[in-house]
Amino acid sequence: MTEPRGFLVGGEWRTSTEILDVRFPYTGEVFGRVCLAGSDDVEDALRCAERGFSSMRRLPAHRRSEILYSLAELIRERSAKLTGTIMLEAGKTRALAESEVVRARETIEVSAEEARRIDGTILPLDWNAAGEGRIGCLRRFPLGPVLAITPFNFPLNLACHKLGPAVAAGDSVILKPASATPISSLMLGEMALDAGIPPEAISVVPCRTDLAERMVRDDRVVCVSFTGSPAVGWHLREIAGRKRVGLELGGNAAVIVHEDADILFAVARIVAGAFSNAGQTCISVQRVYLHRPIYEETLALLVERVRALTAGDPREPGIEVGPMISESAAETALAKVEDAVAAGAKVLAGGIRDGPLVTPTVLVETTPDMAVNRTEAFAPVMTVTPYETFEEAIALANDSEYGLQAGIFTHDSRRIAQAFAELRVGGLVVNDISTFRMDHAPYGGVRGSGIGREGPKYAIEEMTEERMMIFSP
């Protein structure tokens, strides 16, 4: 049996007798074992984060940047091992795992650059007589210990989206990875130490849910950055007290295709956006709205492309859609499909489960109240619906409690402007899919999709506080 991997508390590697088996989603086989942090370990991590913050906040910008550039280089050097780990713990295809490692390195590199760009503002105060001779100076300061809670679907890159900005800002970090995918985060913690982060400023603590909630409640944590399910995220915000909380909670992204679009390009992109990573992406294409004049043609092309996708063991060459993270997740996804069919929807492709594998699924004749439209499927499931007018398409896309990202395909500048003004989402992608994201750009949603923004520059703003000094020469 594989020796369990330890966890990291303030730069110290520890073990415990409580062991977590990490399984390859496709077969359920155990490929790694991880020690879980206990109550005393969590308390020590909180104490270390306080002391580590005292060290981090005094590091000059150039030193924080150098640490992050060193970390990026270590990710590059260990990319093969990281890729293999992500494939096995998250069930990703090799191409997706390799892409995530590249993105993680780039996220850290952007954070290294932004560490040198945390600037301030000089504010003239002589707007009236009382302010004559006075100058305002605005500057951002590190906030304090950051608790970063990450999901399974991008176990390395999303950890980097929290660790990188925190280090750039001058904060200490406690990273709590998803139970399904803790190994890549532990590898990240090891690389962060090797890169030169002050040891007490970094902890990586796989642990039980009750201990994670204890850290959320603890006043020594001043910022919680969470990516995951809406139910968990809003609960954590309720128990967090007065600390700053950033939530990225997913959605059920809509894509609108109007009659003037490049249909072949739109079809190719929609299929890629709906079924990459088995649909387990916060901005995965879930609801597709097609203009009535092109509905039949576009639907036929979509179904043809979806049926041609290859699903199976993600380790094998040529596989495009791998397993969901667990068999229970696949059961939940298929139950939504079956409920929709029972209520009158039709399956044009897929709709079959084999253990954790759900075949890429296309549904038509659904209604907005069905779970496949109303909730986040987080699965290789897509619904397709016709619309008569662009106004109707916008109304359908907005008929959701979520608002993360959306995509539209049209070349009409008036419709683009209308969509930008009226679609209630954090990001609108024009002539591409909702799934498009650049890691340096602001990313986050509105309504039920969360609060705050990721992207290193914008996360740094969440993890710092602005203070003003009024100077009287």
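The values are calculated or read from the model by the stated rules, or taken from the named source; none is laboratory data. Please read these numbers as outputs of a predicted model, since none were measured by experiment. Ideal geometry is used to build each Cβ from the backbone, glycine not excepted, and the neighbour counts take in all protein chains shown. For the accessible areas, the whole protein counts, side chains as well, though only heavy atoms, and no ligand, DNA or RNA atoms are used. Shrake-Rupley method; radii C 1.70, N 1.55, O 1.52, S 1.80 Å.
If a residue must be open to solvent by less than 10 Å² (accessible area, probe 1.4 Å) and either over 15 Å from W13 (Cα atoms) or in a strand (DSSP E or B) (or both), how many such residues does the stretch 176-194 contain?
Qualifying residue count for the region: 3.
Can R105 be described as among the basic types (K, R), free of Cβ contacts under 8 Å to residues at least 60 places away in the same chain, under 26 Å from N153 (Cα atoms) and open to solvent by 70 Å² or more (accessible area, probe 1.4 Å)?
On the way: among the basic types (K, R): yes; free of Cβ contacts under 8 Å to residues at least 60 places away in the same chain: yes; under 26 Å from N153 (Cα atoms): yes; open to solvent by 70 Å² or more (accessible area, probe 1.4 Å): no.
No; evaluated as a whole, the condition is false for this residue.
Based on this model, can you work out whether K346 counts as surrounded by fewer than 24 Cβ atoms within 10 Å (Cβ to Cβ), more than 24 Å from L264 (Cβ to Cβ), in contact with a strand residue (DSSP E or B) (Cβ under 6 Å, 6 or more places away or on another chain) and modelled with pLDDT of 95 or more? Before the answer, list the steps.
Working: surrounded by fewer than 24 Cβ atoms within 10 Å (Cβ to Cβ): yes; more than 24 Å from L264 (Cβ to Cβ): yes; in contact with a strand residue (DSSP E or B) (Cβ under 6 Å, 6 or more places away or on another chain): yes; modelled with pLDDT of 95 or more: yes.
Yes, satisfied.
Consider the stretch 400-417. How many of its residues are part of a loop (DSSP other than H, G, I, E, B) and surrounded by fewer than 19 Cβ atoms within 10 Å (Cβ to Cβ)? Show your work before the answer.
The first filter runs over the stretch 400-417 and keeps only residues part of a loop (DSSP other than H, G, I, E, B), leaving 400-404, 410-412.
This time we only want the ones that are surrounded by fewer than 19 Cβ atoms within 10 Å (Cβ to Cβ), so: 401, 411-412.
So the count comes out to 3.
Which one of the conditions (1) open to solvent by less than 10 Å² (accessible area, probe 1.4 Å); (2) touching a residue at least 40 places away in the same chain (Cβ under 8 Å); (3) aliphatic (A, V, I, L, M) does V245 fail to meet, given that it meets all the rest?
Going through (1) open to solvent by less than 10 Å² (accessible area, probe 1.4 Å); (2) touching a residue at least 40 places away in the same chain (Cβ under 8 Å); (3) aliphatic (A, V, I, L, M) one by one, V245 breaks only (1).
Is it the case that A168 is crowded, with 23+ Cβ neighbours inside 10 Å, of a type in the set (G, A, S) and not in a loop (DSSP other than H, G, I, E, B)? Working first, answer last.
Numbers: crowded, with 23+ Cβ neighbours inside 10 Å: yes; of a type in the set (G, A, S): yes; not in a loop (DSSP other than H, G, I, E, B): yes.
Considered against the rule, which asks whether it is crowded, with 23+ Cβ neighbours inside 10 Å, of a type in the set (G, A, S) and not in a loop (DSSP other than H, G, I, E, B), A168 comes out as yes.
Mind telling me which of the residues T389, T383, T375 ends up being more than 22 Å from the chain's Cα centre (by Cα) and surrounded by fewer than 23 Cβ atoms within 10 Å (Cβ to Cβ)?
Values: T383 fails: surrounded by fewer than 23 Cβ atoms within 10 Å (Cβ to Cβ); T375 fails: more than 22 Å from the chain's Cα centre (by Cα).
Exactly one residue qualifies, and that residue is T389.
Please return the ranges of strands (runs of 3 or more DSSP E) entirely within the stretch 240-291 where 1 or more residues are of a type in the set (G, A, S). Write out each step before concluding.
Working: elements: 244-248, 254-257, 287-291.
In the stretch 240-291, 244-248, 254-257 are the strands (runs of 3 or more DSSP E) which contain 1 or more residues that are of a type in the set (G, A, S).
Looking at (1) crowded, with 16+ Cβ neighbours inside 10 Å; (2) of a type outside the set (K, R); (3) not in a helix (DSSP H, G or I), find the lone condition where E3 falls short.
(1)
Without any contact (Cβ under 8 Å) to a residue 40 or more places away in the chain and surrounded by fewer than 16 Cβ atoms within 10 Å (Cβ to Cβ) - does that describe any residue in the stretch 285-292? Step through it out loud before you land on a result.
Initially, the stretch 285-292 is screened for residues without any contact (Cβ under 8 Å) to a residue 40 or more places away in the chain, giving none.
No.
Take the stretch 6-36 and flag every residue that is in contact with a helix residue (DSSP H, G or I) (Cβ under 7 Å, 6 or more places away or on another chain) and closer than 17 Å to I202 by Cα.
Matches in the stretch 6-36: F7, L8, V9, G10, G11, R14.
Among the residues of the stretch 411-435, how many are over 25 Å from the mean Cα position of the chain (by Cα) and at positive phi?
0
Assess whether R437 counts as being at pLDDT 95 or above, outside any helix (DSSP H, G or I) and open to solvent by 20 Å² or more (accessible area, probe 1.4 Å). Lay out the reasoning, then the answer.
Details: at pLDDT 95 or above: yes; outside any helix (DSSP H, G or I): yes; open to solvent by 20 Å² or more (accessible area, probe 1.4 Å): yes.
Considered against the rule, which asks whether it is at pLDDT 95 or above, outside any helix (DSSP H, G or I) and open to solvent by 20 Å² or more (accessible area, probe 1.4 Å), R437 comes out as yes.
Before we move on, is V303 in a strand (DSSP E or B) and either touching a residue at least 12 places away in the same chain (Cβ under 8 Å) or of a type in the set (D, E, K, R) (or both)? Break it down into steps so the answer makes sense when it comes.
Details: in a strand (DSSP E or B): no; either touching a residue at least 12 places away in the same chain (Cβ under 8 Å) or of a type in the set (D, E, K, R) (or both): yes.
No; evaluated as a whole, the condition is false for this residue.
Among (1) closer than 30 Å to L249 by Cβ; (2) open to solvent by less than 40 Å² (accessible area, probe 1.4 Å); (3) free of Cβ contacts under 8 Å to residues at least 60 places away in the same chain; (4) not aliphatic (A, V, I, L, M), there is one condition G131 misses while meeting the rest; what is its number?
Going through the list (1) closer than 30 Å to L249 by Cβ; (2) open to solvent by less than 40 Å² (accessible area, probe 1.4 Å); (3) free of Cβ contacts under 8 Å to residues at least 60 places away in the same chain; (4) not aliphatic (A, V, I, L, M), G131 breaks only (1).
Table: residues versus (1) part of a helix (DSSP H, G or I); (2) of a type in the set (G, A, S); (3) buried (at least 23 other Cβ atoms within 10 Å of the Cβ).
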position: R58; (1), (2), (3): no, no, no
position: L71; (1), (2), (3): yes, no, yes
position: L74; (1), (2), (3): yes, no, no
position: A80; (1), (2), (3): yes, yes, no
position: G84; (1), (2), (3): yes, yes, no
position: R117; (1), (2), (3): no, no, no
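For L138, indicate whether it is on the phi < 0 side of the Ramachandran plot, open to solvent by 10 Å² or more (accessible area, probe 1.4 Å) and in contact (Cβ under 8 Å) with a residue 60 or more places away in the chain.
The answer is yes for L138.
Residue by residue through the stretch 360-372, note down the ones that are open to solvent by 30 Å² or more (accessible area, probe 1.4 Å), in contact with a helix residue (DSSP H, G or I) (Cβ under 8 Å, 6 or more places away or on another chain) and either in contact (Cβ under 8 Å) with a residue 40 or more places away in the chain or not β-branched (V, I, T) (or both). Step through it out loud before you land on a result.
To start, the set of residues in the stretch 360-372 that are open to solvent by 30 Å² or more (accessible area, probe 1.4 Å) comprises 365, 367-369.
The next check asks that each one be in contact with a helix residue (DSSP H, G or I) (Cβ under 8 Å, 6 or more places away or on another chain); those that pass are 367-368.
Within the stretch 360-372, just P368 meets the criteria.
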